Every structure is written in structure tokens, then in C-alpha cells.
Amino acid sequence: GENVEQHPSTLSVQEGDSAVIKCTYSDSASNYFPWYKQELGKGPQLIIDIRSNVGEKKDQRIAVTLNKTAKHFSLHITETQPEDSAVYFCAASIKNYGQNFVFGPGTRLSVLP
Amino acid sequence: GAGVSQTPSNKVTEKGKYVELRCDPISGHTALYWYRQSLGQGPEFLIYFQGTGAADDSGLPNDRFFAVRPEGSVSTLKIQRTERGDSAVYLCASSLNGNSNEQFFGPGTRLTVL
């Protein structure tokens, strides 16, 4: 089955700097890759996603890139702010009907003021 | 509008007991998912409902776990003969339908088995 790895497990950056989180997946049939942000005591919240027919997607300070050949995708956050501090999860999905997400283990991002 | 809600927020039980965890999805969402999240890990898929039927239960770890969604809205995850290893946060998510990519997650139920 699908296996998703995520690095780094923890990341600390200064406010205003950029943060990059990388994920790899194993199943070349995966076609949808969401990123979720989870704050303490809350459920994960979708922040951006990308489909396998797109190489890059951007939404304000957040961008995701996908390399299908290498089977990896990355989250880029620019001009980080303290409220970006949270745990970020990448996921991959191969189902076209019903989305059985396989999540990575998460990255704890700390933005230092 | 109201998001996905889960009750209780916390549940403490003793080993061997039976527990029920409830999920109220976003109104009108036909797809409902249960995940389990252990400490320091990402959510792990358990079961997916499309309407009233379990379309994919491949993630249920064993026959002590069972879930229902009798009217296609509220879902209940049932765990029999709980074990300490069942301790985790149980997350519920819903999406508009089975073809929708975005899943909206509830806050979870933290289950502790003593």
C-alpha cells in the first residue's frame, strides 16, 4: 500500500523567514496531495492541495510543488508569522471515488517572534 | 455554518469496556470518514461511509471495531473490549460526496483506556 514520509519532523524559523516541508510517497498511482494544518486540540484543516496533473499551486503565502517522477511534493510557506506555528501533515490519495488519505507523520513548525 | 462535531471530546474508560464515539457531519455531506491519530503521528484511515453504507472499511484494525451510519448522517464508532492500545484521538471527517477531495475534520474524541 501507499507509504508517505515527511521531513523534517520539527522545524523552527524566525518570523518572516520561509519554511519548507517535504514529503515522499511510494505509490505512483496517487493522484491527489493535500496539506493539512493542525493546531493543538483541533482537527486538521486543509490549507492547500494539488492534483497529479499540476506541478505547482500557490495561494498567497503558501505554495505546493509536485514532482511526479521523483514521487515527492513540498509545502512552502513564505513570510512566516507566529500564527503559522502548528503541526503540518501531508497526505496522498489514490482513490478516485472516496478519498482514503494516507498521511505523513507530521512536521511541528515553530515560528519564533 | 456548523462544522463537524464529535462527542464526547474526552472519554476515559477501563480496559475491557465498550465505548461509543459519535460524529455529526456537516449537513448535506454524504461522505463520512473515521481516522485514528496516535500521539505524534498522522491520522490513520479506519472507515469510509457513502450515505448509509460502509464503502471501505479496510482500515479497521480488528473485529472489535465497528461503525454505523443508519440514516446517512450521524455516525457512531463502536469499540468492544477496549485495550490500552486503543488509546488515541479518533477523528471524524466529512465531504460533500465521495468525489469531493476536501475533507472537513472535527475536533476529535480523545479516548484513554486505563
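In summary, the convex hull built on the alpha carbon positions of chain A has an orientation-averaged projected area of 6.8 nm². Inter-chain Cβ neighbour count for A:104-112, averaged per residue, equals 1 (cutoff 10 Å, partner chain atoms only). Set Lys and Arg Cβ to +1 and Asp and Glu Cβ to -1, take the dipole of chain B about its Cα centre, and tell me which of B:Ser87, B:Ala55, B:Val68 lies farthest positive. Of the listed residues, the answer is B:Ser87. In summary, the convex hull built on the alpha carbon positions of the protein assembly as shown has an orientation-averaged projected area of 12.3 nm².
So if a site counts as exposed when it's one of the GluC sites (Glu not before Pro), its DSSP state isn't H, G, I, E or B, and it has at most 14 other Cβ atoms within 10 Å, what's the longest stretch of chain A without one? Counting at most 14 other Cβ atoms within 10 Å as exposed, the longest clean stretch of chain A is A:40-78. Peptide A:40-51 has a mean of 4 when you count, residue by residue, the C-beta atoms of other protein chains within 10 Å of its C-beta.
Quick note: the coordinates plus some simple rules give every number you see, no bench work behind them. On a predicted model such as this, the values are computed, not experimentally measured, just so you know. Glycine also receives a Cβ, built like all others from the backbone with ideal geometry; neighbour counts cover every protein chain displayed.
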